[in-house]
Structures are given as structure tokens and as C-alpha cells.
Amino acid sequence: MCLDRGANPWTPEGVLADADKEGIDDMVFFPSAALGLPGYEDLGFAAEMARAYNAWMADWCGRGQGRFHGVGLVPIEDVATSIAIMREAKAFGLKAIMVPAVLKTRNLDHPDLEPFYRAATDLDMPLGIHGAPGIHLPNLGSHRFDNYLQVHCVSFPFDMMVASTALVLGGVLERHPQLRVALLESGVGWVPYFMERMEEHLEKRGRLTISASGRSSRMIGFSVSDPRIRVSSRPRARNIRSVKTWPRSGSMPSCASSIAAKAKSRCMSRS
């Protein structure tokens, strides 16, 4: 973690200093422990918690010299309240809303969520789909393991495969063509395989009007945190962003600097 190298993640000044050291221009803040908020049983408390968190996040980002960008929370099980809180988050200046890969008993293509997607589109508010084991929502495949190494390895890509199945094959992106979505914390290695698999199913069994790859290239973003993975300059690569998970153990020291150096080297070699 960043603490091991003497960084201070507790103040904006400390975060900015470490960002400068690591070569990070901008930072997008997602929740950590609060990832579990969509699974809270008490929806009233979840709504209060989301509002408090969003207000705190807006204040934190306001002290980031224009380099901090916050992602808000909503109690997604309560759609009407989530829409109201999303509007408040937009007014606060937050840049996106975090949504889990699944709800307690519903997938992301459930009809109940249609008003939420319409509101996100109207507000031009992107949705960041973020899975995690242990947040009291259904585990997708990882429930078969009791070893955290196995659980963590399986949960994130499986979560995003289920989320993309709902969003693409469930018709969400067709019904809301301006909706912007990012599938996070799962890398990109699974993307070509799974998009091709959805494409094949659409060709043989589907009734939607545009292809799975067309949907992904227009509306879905992905993230990769390993500097050894080369991000292509081809048009669809605009959907892939190199990211550094900071300050948790998933981060790789100096990975942002490494990515920037490789990008600069490629640009110089082309000029």
C-alpha cells in the first residue's frame, strides 16, 4: 500500500503529493467499505448514508485542485430515491454513480431499473459498474469457494460478464443508446472472448438490432491496471483506460509513470 512508501492518503495535500510522485494527473474516487451500501437491508439508512457520503465526497474533491473527481452512491434497490440522490450528486459536481453488478434479486436489465437509466441518460451521468465479494449481494461463481484468494480471483470478471450480459443481451443499451457505462476492476482480458460469445448468441438466437461489439464500442468502457498491457491506438481502444488502484494493495508502484513513459516513447517513435 501507499503507506509502505511513506505516503499520506488522509489529506488532499498528501494524496496530491503522492499523485505527483507517481505521475498521476487526475484521480477518480470510488468507495471502499461503502461499496456494500447497495446491499443494505434498511433502505432508509442506505439513502441517508448515500447522501452523507456524496456530500463528503464532493467536499473532498473540491480540495483537490481540480484533479479529484468523485463517484457517488445510490441505494439502488430503491429506484425512485436513487434517482433523487443521483440528481443531488450531479448538482454536487460528482462525475458518475457506482452501481453493483447485480442487485439482491434482480439483474441490471430488470424493468424496475428503466427509470433510473432514463434519468442517468438525461443527467449525462455515467454509471460505474463495480463488483466486490463480501458486499452482501449475490456472489457470481465465487460462492463455490471459501478461500479468499479463489473468491477474489473469480468474482470480478464473473461479475462483469453477468453485468455485460444484462446490459447488452438484456437490451438496456439498445433502449438507452446515450447511456454510458464502465465495467471496472476486472481487467480487459475477458472482453474479446465474451463480446465475441455474445455476438455469436445474437446472430443465432438474438432479436436485438445492433451487434454486441457495436454496443461495447459505443457505450461501454473498461479499465486495465497492469502497465505491461499495451493499450492500442485503434479507435475502439478509446474505451479502455489505463488505471492505477490507489492506495490499496491492488495498486502497482509507479505503474502510472510506467504507462506514461511507454506512451511518450511510442509517440516519439511515430514522429
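The values are calculated or read from the model by the stated rules, or taken from the named source; none is laboratory data. Quick caveat: nothing in here was measured; it's all calculated off a predicted structure. Cβ placement follows ideal geometry from the backbone for every residue including glycine, while neighbour counts extend to all protein chains displayed.
General remarks:
- Residue match in segment 137-160 (condition: touching a Cys at 6+ places or on another chain (Cβ under 9 Å) and not hydrophobic (A, V, I, L, M, F, W, C)): yes
- Note on segment 69-101: residues that are more than 20 Å from residue 55 (Cα to Cα) and either surrounded by fewer than 22 Cβ atoms within 10 Å (Cβ to Cβ) or modelled with pLDDT of 95 or more (or both) amount to 1.
- Looking across 52, 7, one residue alone is assigned to a loop (DSSP other than H, G, I, E, B) and aliphatic (A, V, I, L, M). It is 7.
- The numbered conditions (1) among the aliphatic types (A, V, I, L, M); (2) within 14 Å of the chain's Cα centre (by Cα); (3) in the same structural domain as residue 180 (by TED's automatic domain parsing) are all true for residue 71 except (3).
- When each of 36, 23, 62 is tested for being under 25 Å from residue 138 (Cα atoms) and among the small types (Gly, Ala, Ser), the lone residue that passes is 36.
- Residue in segment 139-156 that is closer than 23 Å to residue 40 by Cα, touching a residue at least 40 places away in the same chain (Cβ under 8 Å) and of a type outside the set (Asp, Glu) present: no
- Screening segment 117-152 for residues that are within 17 Å of the chain's Cα centre (by Cα), part of a helix (DSSP H, G or I) and at pLDDT 85 or above and picking the one that is surrounded by the fewest Cβ atoms within 10 Å (Cβ to Cβ) gives 121.
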